[in-house]
Amino acid sequence: MNRFLRLCGVLAVLFSWLLPTYHLWGMHADVTTTLAAPGAWGDCKSGYDQSIVVQAYGPIKLERPAKTSLCPGSDAIVLKAPDLPATYTWYWNGSAISGLNANTQVVSQPGSYYARVRDKSTGLETNTDTITLTKAINPTATLSAANPGGTFCERDSLQLIAGGGLSYQWFLNDREIIGPHSPTFTAKQAGRYSVTVTDANGCHANSDPLTITVQARPKPAIDSIPPVCGIDASAISLRASPPGGTFSGPGVSGSSFDPKLAGFGVHTISYRSPPANGCSGENDQRLVRVNPLPTVQLPEQIETSPQGIFTLEPIVTGTGPFSYQWQPAIWLNNSTQSAVKVIFPRQDTTYIVRVRDVFGCVAEGSIRIIVRSKASIPDAFTPNGDQINDTWKLPGIESYPKAQMTVLTRWGEVVFRSQDGYITPFDGRYNGEPLPTGVYLYILKLSPDAEPLRGSVVLAR
C-alpha cells in the first residue's frame, strides 16, 4: 500500500532536486511523498507542493544455486542477483572481483560471495546477502563382478556392481550403454566395462575398466547312428565328442544301444558333455530308428516245361519303396524289378530275390523252378470203342503232377476239367453221355502258376 509523507523546509528543498521517482533500499513498500517549498517562516503553509514516488526494494537476496559445492576440476557455479536498474560489484571473500558489473557471475573457487548493488539514478548502494561455496571431493567409483574372475559361460550372464554415487552411466568398450542408471548391470557379452558415477553434488568419477570374458561351452556331437533292422540286431556302440559325457535314452545302457530293449520305432538318444572351462555340459541328440525287417513271400516251387513262360512276383511287406535283386538272372527278362518273367527255362533252378526297403533293411525269398519234359498234345482222338485211341492221352503229362486241363465247346461250355494232374484222360463224354463229333478247345496249365497253353482238339467217332 502507499503511505503519504509531507516534507517541509530544507528537507523539502533537498528532495525537490531529486527525480520524481526515487529508489529507497530497505523499504518494503512504495511511498508517495509530498514536498512543500518553504514559506516566509520556514513553515509548510506557503509555497508549493510536489509529489514524488519513493519505490521501495526489500533486502536484496542472491538466487540460490542448484548446488553450493564445487567439484574438483573445471566445475563452475552461476551466482545471480535480481535484475535491477543498477550496477553490480561482486565480492569474493571480501575482495572485489574486478571487471564484472552484471547481475550474474560465474565462479569456480570456493569461498563467500556477495554483490554490492548501486542504483543508477541515485547512486545509493546496498549489499546482497552472502552465499558460501565449498570445495567438494570427487566420489570414488568402484566396479566389481559377482564372479571375482570376471568370466561367465556362454548363454549365461554376469552381474556387475558399481558404487560411490547416486547415478551411474555404464559403458562397454568405451561406448555408452543406453539403459537404467542403477548401480548394477547384467553383462551378457564379453568386453571392457566401466562406469561413471555421479554423487549428490553432481561430481563425477570414472571407475577402472573391468574386462569380462565369456567361456565357450563345449559343443557335443553324437556320431551318426545307422538305422537298425529288426530288434534282434546286435547292440550299437555309441560315440560322441568331447568324450567323457553321459548317454541316455530308450535302450541305452552305458555307451551302447540295444534294439531289443528299445523296441521298434524312432528313439531319441541324448548325450551330455562333461563340464569344461567352469561351464556345465551341453546336450546333443540324435534319432535312431529300429525298423521291422521286410518280409518276402514266394511259392515254394513251380513246375513248368521247357516251353513255359510265367511271372514271378513276391508279396512284400515293410516300408517302401523297395529295390529288388534276383539271382541268378538266367531265363529272366530282368533281374531288378519286383515282377520278373521266366522264359523257356531249360533246367531246374532256384531263384533268390533280395528285397531292400527304404531304410536299407534286407530280406530274402526263394522259389524252386522244376522243369518237366515237354508234354505231347495230340490234336485228335477217336472215342469209338475200338480200343484204339479211345481217350485223349498226353504223353509226358505225368511229369506235371499239378497240371490243370480244361476242355470247352466252341461256345465256351466246359465239358471236361482235371485238377492236380491229368491222371484220367478225357474220353469224349460229358456227364456220362458221348459228345458229338467236332472241334473242342482246351486250356492246359502245367502248374498252377504256369502260363496256360491254349489250343484245339478234334473229337471223331
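Summary table
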quantity: Length released on extending from T350 to N147, taking residue separation times 0.36 nm less the Cα-Cα span; calculated: 65.4 nm
quantity: Alpha carbon convex hull of region 69-135, volume per residue in cubic angstrom; calculated: 78
quantity: Volume in Å³ per residue [convex hull over Cα atoms, computed for region 221-291]; calculated: 64
quantity: Those trypsin sites (Lys or Arg not before Pro) in region 65-130 that DSSP places in a loop and that have at most 13 other beta carbons within 10 Å; calculated: K120
quantity: Inter-label distance, nm, simple model (7 Å from Cα along the C-beta direction), I443/T68; calculated: 12.5
quantity: Virtual paramagnetic centre 7 Å along Cα→Cβ of L408, amide N under 14 Å, in region 435-456; calculated: 440-445, 452-456
quantity: Rg over Rh [alpha-carbon atoms, Kirkwood Rh] for region 237-386; calculated: 1.36
quantity: Geometric extent, Cα atoms of region 363-446 - Rg, Dmax (angstrom); calculated: 15.2, 59
quantity: Rg/Rh (Cα only; Kirkwood hydrodynamic radius) as it applies to region 295-371; calculated: 0.98
quantity: Dimensionless Rg/Rh of the chain - Kirkwood Rh, Rg from C-alpha atoms; calculated: 1.69
quantity: Theoretical gain in end-to-end length, S366 to K120 [0.36 nm per residue, Cα-Cα removed]; calculated: 75.6 nm
quantity: Cα-based Rg of region 369-410 normalised by 2.2 N^0.38 Å, two decimals; calculated: 1.39
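FYI, it's all coordinate maths here, none of it is from the lab. For clarity, every value in this text was computed on a predicted model and none was experimentally measured. When we count neighbours, we look across all protein chains shown, and the Cβ atoms used for this are built from the backbone with ideal geometry, even at glycine.
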